[in-house]
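Please read the structure below before turning to the comments.
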Amino acid sequence: MDPILAVDFGSTYTKAALIDRAAAQVVASAHAPSTVGSDVTLGLRQVLSEVSAKVGRDIRKVPALACSSAAGGLRVAIIGLVPALSLEAARRAALGAGAKIIAAYGYKLTAKPLADLERLAPDIVLLAGGTDGGDEETILHNARLLARSPISAPIVVAGNQVVQQECLDLLQAAGKPARPADNLLPEVGRIEVRSVHDIIRDLFIHRITHAKGIDRVRDYLDLVADIVPTPSAVLEAARLVSEGTAKSKGLGDTVVIDVGGATTDVHSVASGAPTRPGVVVRGLPELRLKRTVEGDLGMRINAATIVERYGRAEVFALAEALQPAVAMAEEDVDRYTAHVSARTEHIPADARERSLDCALGRAAVRLAMQRHAGAIRQVYTHKGPVPVQEGKDLGEVAAIIGVGGVLAHGADARFVLEGALDSGTDPFSLLPRNAALYLDRRYVLYGIGLLAGISEEAALATAHNVLEEL
Amino acid sequence: MDAKRRPTVVLGTIGHDAHIVGSSILRIALEEAGFNVVFLGAVVPPEEFIDAARESAADAILVSSLYGMARIDCQDFGAKCAEAGLSKVKLYLGGILVTDPEKWEETEKLFKGYGFHRVYPPQTKTDVAIADLKSDLGVPA
């Protein structure tokens, strides 16, 4: 056995999985309520002793890898110029780096948003604006205001390079920890996120884990790599499973959907180029590795908003389709969502609740996928209709991997995940047409992403063994 | 205009118009003439010209329309630019602007009323527009 321990400090649970690299198997796993609010090591010690008991040996000396989304996650505020351009580039860059976007401001900052920003106390401020050689005024104005504010978070300056130094000087003169990055939008129609990703990752590793007290886990873990944000570990797992390694083939274009209690996160590894002829693509170019977070779609805290967005009758129809024999009324949808939104740990108790839960899950999956993929609209030109695509075409995605309680606990994971597929009724759907569906039942994708950092072959082999095809 | 900076123009075909050849030819000519061109392609909504001009601090917006519907797409274009803080940006329009050609003076008057500084009839050579652009922006010829 060649063991390695993967630990995720999540917002509600601390999770650990012991992976045998030689056999490419998860040997044991455990989870305990998160204790980041008091002492992060309490929950950690609990999962360590649980996993030790399961395998009959002390695992504290085993080399370990860790990621964290605890203590609010990586809270980033983004500032840009035009909402559809530099601000959107900043949004995609921050999400791709595993951040939670807590505030987004376009154009010149004014007193009110600045006061909001101070109150929100972000972990990082990402300051964009202007193409290279383009607008200088807005980013300079915003840098000046940030310099005068009491905000102490690191500020990543990733706008018009012509005034980059001037912005840094303004901020550093005021004692702000400002870091230069390449412009996120060097020209209209080109987005560059690598440099911003590297800096955010570095800040997370060297400042934020310390500030949040997460680095105290080093006393109990033999960490062989830096602690990274959980979403970037999951995105790395998606990339690995999709692309494969030098020796093993990957699954091809891949989507990972994580249906959580508060949000539904979608990760895609795909170019998103049109899969039909004659389509005109508009909008900012898409990133091959794309992550979106739907803050209004969650199985517990945001159960009611799923119903609001998808339609009560439609959610009910899904529940009925799944369990036609169970007696249910449309009002049960509201009753159930009201019940679970106050009880985030609720697990469905009977067949009626299970079908309602799966219906909510499927609705969340569908809405989150539609938003992630984008849309086609028909434009009627003198030469006839022309389809115009904005966002990614995921029609030829080969694999969809589902994560989350509604998938893991129920027997109807396939029904829930099918919400991500093209239903065949919309000729311009951008959703996957023929993808194979997989389930990460034991929630170990984060561990696969972490392991990929030190051994891609072992990580991919483990993924093949762990993911269940539905 | 900043003397060190290359003059920047936003260029594209407006509205529900898929013609891209005209603006592509103009793009090449502009780049050869030393302009920095933010090229938006075809089927571009008016708002995208404005967004691109703001982000790139463009000196001019060049709008192409070849399907006779410019009257609809370009209505109040100048006012929209002014609203977005771009009142100093010079606006140019060219192509096949109307389907039932009235007197050119009438067409020109209509679009100048929409805020365009210069309006070009069909078959205008690229060097005519480029010479105007240079003179309007104070770029040495």
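The values are calculated or read from the model by the stated rules, or taken from the named source; none is laboratory data. The model shown is predicted, which means the values in this text are computed figures rather than measured ones. Neighbour counts run over all protein chains shown; Cβ positions are idealised from the backbone, glycine included.
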Take B:Gly78 and decide whether it is under 22 Å from B:Leu66 (Cβ atoms), assigned to a strand (DSSP E or B) and not acidic (Asp, Glu).
-> no
Is there any pair linking a residue in segment B:60-75 that is crowded, with 24+ Cβ neighbours inside 10 Å to one that is in a strand (DSSP E or B) and polar (S, T, N, Q), with Cβ under 9 Å and at least six apart or on different chains, and which?
-> B:Val63/B:Thr13; B:Ser64/B:Thr13; B:Ser65/B:Thr13; B:Cys74/B:Ser65
Identify, from the list A:Gly175, A:Gly130, the residue that is assigned to a loop (DSSP other than H, G, I, E, B) and either over 23 Å from A:Ala97 (Cβ atoms) or of a type in the set (Phe, Trp, Tyr) (or both).
-> A:Gly175
Count of residues meeting criterion [among the charged types (D, E, K, R) and either more than 28 Å from A:Ile376 (Cα to Cα) or not in a loop (DSSP other than H, G, I, E, B) (or both)] in segment A:397-431 = 3
A:Asp253 free of Cβ contacts under 8 Å to residues at least 40 places away in the same chain and touching a helix residue (DSSP H, G or I) at 6+ places or on another chain (Cβ under 7 Å) | no
Assuming A:Ala70 fulfils every condition listed in (1) surrounded by 24 or more Cβ atoms within 10 Å (Cβ to Cβ); (2) not in a loop (DSSP other than H, G, I, E, B); (3) not polar (S, T, N, Q) apart from one, which condition is it?
-> (2)
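Closer than 30 Å to A:Leu85 by Cα and either touching a residue at least 12 places away in the same chain (Cβ under 8 Å) or surrounded by fewer than 19 Cβ atoms within 10 Å (Cβ to Cβ) (or both): which single residue out of A:Arg377, A:Arg354 fits that description? Give the derivation first.
Values: A:Arg354 fails: closer than 30 Å to A:Leu85 by Cα.
Residue meeting the stated conditions: A:Arg377.
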Does segment A:27-41 contain at least one residue that is farther than 30 Å from A:Ala121 by Cα, part of a loop (DSSP other than H, G, I, E, B) and in contact (Cβ under 8 Å) with a residue 24 or more places away in the chain?
-> no
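Can you tell me how many residues in segment A:244-265 are assigned to a loop (DSSP other than H, G, I, E, B) and out of contact with any strand residue (DSSP E or B) (no Cβ under 9 Å at 6 or more places or on another chain)?
If we filter segment A:244-265 for residues that are assigned to a loop (DSSP other than H, G, I, E, B), which is where we start, we get A:245-248, A:250-253, A:260-263.
When the remaining residues are screened for being out of contact with any strand residue (DSSP E or B) (no Cβ under 9 Å at 6 or more places or on another chain), the result is A:245-248, A:261-262.
The total comes to 6.
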Say whether the condition of being farther than 18 Å from A:Val444 by Cα, of a type outside the set (Ser, Thr, Tyr) and out of contact with any strand residue (DSSP E or B) (no Cβ under 6 Å at 6 or more places or on another chain) is met by at least one residue in segment A:228-243.
-> yes
Within segment A:74-117, the residues that are closer than 20 Å to A:Ser152 by Cβ, within 14 Å of another protein chain (Cβ to nearest Cβ) and either surrounded by fewer than 19 Cβ atoms within 10 Å (Cβ to Cβ) or not aliphatic (A, V, I, L, M) (or both) are none
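Got a sec? Which helices (runs of 4 or more DSSP H) wholly within segment A:295-375 have at least 3 residues that are among the charged types (D, E, K, R)?
On the way: elements: A:303-310, A:312-322, A:331-342, A:351-373.
Counting at least 3 such residues, we get A:312-322, A:331-342, A:351-373.
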Matching residues in segment A:446-470 (of a type in the set (S, T, N, Q) and crowded, with 21+ Cβ neighbours inside 10 Å) number 1
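Does at least one position in segment A:180-189 carry a residue that is in a loop (DSSP other than H, G, I, E, B), touching a residue at least 24 places away in the same chain (Cβ under 8 Å) and more than 14 Å from every other protein chain (Cβ to nearest Cβ)? Before you say what the answer is, go through the steps one by one.
Narrowing segment A:180-189 to residues in a loop (DSSP other than H, G, I, E, B): A:181-186, A:188-189.
After this cut, where a residue has to be touching a residue at least 24 places away in the same chain (Cβ under 8 Å) as well, the list is A:181-186, A:188-189.
Right, trim to more than 14 Å from every other protein chain (Cβ to nearest Cβ) and you get A:181-182.
Looking for residues that are in a loop (DSSP other than H, G, I, E, B), touching a residue at least 24 places away in the same chain (Cβ under 8 Å) and more than 14 Å from every other protein chain (Cβ to nearest Cβ), one finds at least one in segment A:180-189, hence yes.
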Considering residues of segment A:143-165 that are within 14 Å of chain B (Cβ to nearest Cβ) and either among the charged types (D, E, K, R) or part of a helix (DSSP H, G or I) (or both) only, the residue nearest to the chain's Cα centre (by Cα) = A:Gln161
By residue number, the members of segment A:190-212 that are more than 14 Å from chain B (Cβ to nearest Cβ) and touching a helix residue (DSSP H, G or I) at 6+ places or on another chain (Cβ under 6 Å) are A:Val193, A:Val196, A:Thr209
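Check whether at least one residue in segment A:422-434 is surrounded by 24 or more Cβ atoms within 10 Å (Cβ to Cβ) and either at pLDDT 95 or above or within 14 Å of chain B (Cβ to nearest Cβ) (or both), and report yes or no. Walk me through it before giving the result.
Initially, segment A:422-434 is screened for residues surrounded by 24 or more Cβ atoms within 10 Å (Cβ to Cβ), giving A:430, A:432.
Going one step further and asking which of them are either at pLDDT 95 or above or within 14 Å of chain B (Cβ to nearest Cβ) (or both), we end up with A:430, A:432.
Yes, because at least one residue in segment A:422-434 is surrounded by 24 or more Cβ atoms within 10 Å (Cβ to Cβ) and either at pLDDT 95 or above or within 14 Å of chain B (Cβ to nearest Cβ) (or both).
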Looking only at segment B:40-50, count how many residues are buried (at least 22 other Cβ atoms within 10 Å of the Cβ) and either of a type in the set (Phe, Trp, Tyr) or out of contact with any strand residue (DSSP E or B) (no Cβ under 9 Å at 6 or more places or on another chain) (or both).
-> 1
A:Thr337 passes all but one of the listed conditions (1) at pLDDT below 95; (2) under 17 Å from A:Gly260 (Cα atoms); (3) surrounded by 14 or more Cβ atoms within 10 Å (Cβ to Cβ); the exception is number (1)
Can A:Tyr443 be described as at pLDDT below 95 and either within 21 Å of A:Glu243 (Cβ to Cβ) or crowded, with 20+ Cβ neighbours inside 10 Å (or both)?
-> yes
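Hey, among the residues in segment A:95-127 that are part of a helix (DSSP H, G or I) and of a type in the set (A, V, I, L, M), which one's farthest from A:Ala173 (Cα to Cα)?
Residue satisfying both the conditions and the ranking: A:Leu95.
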